[in-house]
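The values are calculated or read from the model by the stated rules, or taken from the named source; none is laboratory data. Predicted, not measured: the structure shown is a model, and the values here were computed from it. Positions of Cβ are generated from backbone atoms using ideal geometry, with glycine treated the same way; all protein chains shown enter the neighbour counts.
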Amino acid sequence: MTPKPKLTELKMDDLTRREFFRRTAFGILPALALPRLIYASFPFTSTDIKVETAFGKLLGSRTEGVNIFKGVPYAGSVSRERRFLTPAPLKAWTGVREAKRLGPPSIQGPNQTYGIDEPNPAEDCLTLNIWTPANDNKKRPVMVYSHGGGYTHGSAGSVAQDGSNLARMYDVVVVATNHRLGLLGYLYLDEIAGDEYAGSGNRGVQDIAIALKWVNENISAFGGDPNNVMIFGESGGGLKTSCLYAMPEAAPYFHKASIESGPGVMMKTADVAAETTELLLKQLGIARNDWRKLLKLPPSVLLDAQEQLRKMGDLSQIAGFHGIGAAGKGGFGPVVDGVVLPTHPFDPVAPSLSKEKPLLVGWNEDEFIFFAMFSGDTEAFQLTEEKLHQRIESILGDKARLVVDTYRKAYPKATPTQLFIAIRSILVMGLGSITIAERKTQQEGALAYLYNFGYKSDLKVPGTDYEFGSMHAMDIPFKFHNINNVLDKSGHRSSGMAGNRPERFAASDNMCQLWTSFARTSVPSAKEQPAWPAYNLSTRPLMRIDTQCSVINDRYKTVLKMWREILN
């Protein structure tokens, strides 16, 4: 009998799974790694708005019906002697602190964030942005977003993730956080640095938990309800949300969650994290007992070392039903350390501490278009049947024929490229998302809801006639209703990656209604759209989000049976 292939044994082609995860789990692609579109900074009239927090007064701006506070500190320093430690306590200030400009992103490579007038990255980066219809003590639902970019790139300042439209149109309070990234946020020192550094392998997600505590203590002044907080995030933000869902430190401060194209079923083990730390020390020429030299090195040196480790990293553990969370040897990401993150988020079961917290989870139908496009793999968009088989064989060996035949039977009208995208998309994001929905449902606590985002952008992959479809990150501008805020070459507003079909507005409104109703009531719903049934293990309902939403029962029944047979 031929043994079942394990994703730890797979051989790859030029568009390798290794290279893909270097660009995602290792964060080489940011949350919205699109060509530099010219985002509009429209000349709206603004007025000053003040608010008092527990730490002092803030001066923000009211623009187009939304009160906006940017660069608000939620914790103290994490640089110099605080590097790799929990943040210093936030100190109160006197007078009025201006909150009209974005705070700096975490240390990262160049051109990886997409904010307007965003400062250069810095170690001391623990700030957040708030968008609210009014500072009126009204108890609006609060939606706290974690940006994507794997674990090493991105920021709270991206225009695509601006919370103004969501707050204005759907009467919610939106918060986005900056937090430590890369080895500054995830270097595991527990085994060499003593108790003071326990939890160092999870500082990045711990920062977000501290931000949630700040929200709990201060959001009432911004018109938000501290007892109705939803955490959500896409791609790397989905992975961080997966961790928060399993973290005791975060548990008191949120009440529901949404994991979007970032299924973190499992995270890195302490053994792998310790090996990565040893690799880093070797790369930098630092002896194990001289690890404190890491505290004095310039961030640029650490960033260079991080990049060198990325190139040699072992990513073989990441794929399939395990999700994409476990950055392998050489990469930096959350660690199951028994301290900050006691267990894998959803393995072998959903976390008991979030049993009563409802959950949305899902992925985009055409995720892999994004990764093929940004690797320059134009051949992927014009595959022959022979090339399709070759590519799948390079991933799954002698099981390739079964996989292709199963998909051909399930999708008889699909082109070879469409089958390739479908296979790679479910391997990357789908199987892990389904696993999370199943394990949350098996817990028999609060409900889980599974979705596919299916709206198809009409923009074309450069050098081909193949459309963007619903590729990775396509959902971001839709769920923030930021689909008409990009200046095209003629100076007119357009939608960036979302394309220009007028139907995009209906799809965006549907998604925003579903997300904000879930934030408000824990039940996702949208006007004139079908009711979204909670996930169950008999009919396995899934909401397909588009201009007209639809509920599909057991959508992946045939292919899921095959995947379980060859991967489990």
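Matching residues to (1) under 20 Å from the mean Cα position of the chain (by Cα); (2) assigned to a helix (DSSP H, G or I); (3) among the aliphatic types (A, V, I, L, M):
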site: 218; (1), (2), (3): no, yes, no
site: 226; (1), (2), (3): no, no, no
site: 238; (1), (2), (3): yes, yes, no
site: 247; (1), (2), (3): yes, no, yes
site: 257; (1), (2), (3): yes, no, yes
*asked:* Take residue 438 and tell me if it is over 17 Å from residue 561 (Cβ atoms), among the acidic types (Asp, Glu) and assigned by the TED database to the domain that holds residue 522.
replied: no
*Leading residue by the ranking (modelled with the lowest pLDDT) among those in the stretch 302-316 that are of a type outside the set (A, V, I, L, M) and either outside the structural domain of residue 183 (by the TED database) or surrounded by 18 or more Cβ atoms within 10 Å (Cβ to Cβ) (or both)*: 313
*Tabulated pairs, the stretch 194-210, first in contact (Cβ under 8 Å) with a residue 60 or more places away in the chain and at positive phi, second acidic (Asp, Glu) and outside any helix (DSSP H, G or I), C-beta under 7 angstrom, 6+ apart or interchain*: 199/337
*Working carefully through the options 338, 320, find the one that is out of contact with any Cys (no Cβ under 7 Å at 6 or more places or on another chain) and either modelled with pLDDT under 95 or charged (D, E, K, R) (or both).*
320
*Name, by its number, the condition in (1) modelled with pLDDT under 95; (2) out of contact with any Pro (no Cβ under 9 Å at 6 or more places or on another chain); (3) buried (at least 24 other Cβ atoms within 10 Å of the Cβ) that does not hold for residue 117.*
(3)
*Within the stretch 187-210, is even one residue under 23 Å from the mean Cα position of the chain (by Cα), over 19 Å from residue 85 (Cα atoms), buried (at least 24 other Cβ atoms within 10 Å of the Cβ) and modelled with pLDDT of 95 or more?*
no
*Scan the stretch 508-567 residue by residue and report those that are farther than 23 Å from residue 495 by Cβ, in a strand (DSSP E or B) and of a type in the set (Val, Ile, Thr).*
551, 552
_Per-region count, the stretch 527-544, residues under 21 Å from residue 446 (Cβ atoms) and either out of contact with any Cys (no Cβ under 7 Å at 6 or more places or on another chain) or surrounded by fewer than 17 Cβ atoms within 10 Å (Cβ to Cβ) (or both)_ = 12
*Inside the stretch 285-298, can you point out the residues that are surrounded by fewer than 18 Cβ atoms within 10 Å (Cβ to Cβ) and part of a helix (DSSP H, G or I)?*
288, 289, 290, 292, 293, 295
*Residue by residue through the stretch 225-246, note down the ones that are surrounded by fewer than 24 Cβ atoms within 10 Å (Cβ to Cβ) and either more than 13 Å from residue 357 (Cα to Cα) or touching a Phe, Trp or Tyr at 6+ places or on another chain (Cβ under 7 Å) (or both).*
225, 226, 229, 232
_Any residue that is under 17 Å from residue 471 (Cα atoms) and among the β-branched types (Val, Ile, Thr) - is there at least one of those in the stretch 372-382?_
yes
*Would you point out the residue of the stretch 428-462, among those that are small (Gly, Ala, Ser) and not in a helix (DSSP H, G or I), that is surrounded by the most Cβ atoms within 10 Å (Cβ to Cβ)?*
457
*asked:* With the requirement that a residue be free of Cβ contacts under 8 Å to residues at least 24 places away in the same chain, touching a Leu at 6+ places or on another chain (Cβ under 8 Å) and surrounded by fewer than 17 Cβ atoms within 10 Å (Cβ to Cβ), what does the stretch 398-427 give you?
replied: 408, 411
_Failed criterion for residue 395 (all others in (1) crowded, with 22+ Cβ neighbours inside 10 Å; (2) at pLDDT 95 or above; (3) over 28 Å from residue 244 (Cβ atoms) hold)_ = (2)
*asked:* For the stretch 175-216, which positions are part of a helix (DSSP H, G or I), under 20 Å from residue 102 (Cβ atoms) and of a type in the set (Val, Ile, Thr)?
replied: 208, 210, 215
